[in-house]
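Laboratory data are not the source of any read-out in this text; all were calculated from the coordinates shown. Here the structure is a predicted model, which means the values were calculated and not measured. Note: ideal-geometry Cβ built from the backbone for every residue, glycine included; neighbour counts use all protein chains shown.
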Amino acid sequence: MKIMVDQCLVKKSIVTSLEKVSAFNTKTIEELGYRHDTADSVLVQGTKSHRRILLTKNFKDINERKYPPCNHGGIIIVHAQETEADYIIRRIKALLKPATKNKVKGHVTHLYKERMVIYTHKETIEVNFDENPEIRKLVKKR
C-alpha cells in the first residue's frame, strides 16, 4: 500500500513506523514535492498522480462528502486525539486484512478507536474491531 502522509500526521515516529512495515511504501507530502501549506484539494488530487493513499487526521476538511469515492487515489482519515505511532499503525495494518484490503484504494476510509468505516461509490462498509477476532488482535494493545 503506497501512502502519502499529510502534514498533520508527520511525526518522525509515525513515518518511521510506517516505513518499517514492508506492506507500506510511505512518503510525506514534502517528499512528494508539496509544501506544508498545500491546499487539501491539491493533495487529494495528487493521490491520483502519485498513485498513493492520503493518510490524514483532517476529517473536517477532507471527507467523503467533499471528496467522493473513486475521484482520487484514496483517503484514510484517523479519528483520534491520540496520534501515537503504535495506535495509528495498528489500525492501518487492519486495513491489510482480506475483508478490507481491496476496498481502500480510491475510497474514503475512517479509522476510529473501535471500528473502521469505508465509503465506496457503491456501499458503506463498517467493521467493528471487537466483532472480528483477527482484526481485534491487531488494534488492541497487548
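Summary of computed values
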read-out	value
Coordinate range along principal axes, alpha carbons of segment 1-60, Å, largest first	29, 22, 21
Residue among I75, I89, I53 with the largest mean-square fluctuation in a Gaussian network model of the chain, springs linking Cα atoms under 10 Å	I89
Cα-based Rg and Dmax for segment 2-139, where Dmax is the largest Cα-Cα distance (Å)	13.7, 41
Packing-based ranking, highest mean first, of 92-103, 120-131 given that Cβ atoms within 10 Å are counted	92-103, 120-131
Estimated dipole of the chain in Debye, rounded to 20 [Cβ of Lys and Arg +1, of Asp and Glu -1, Cα centre]	400 debye
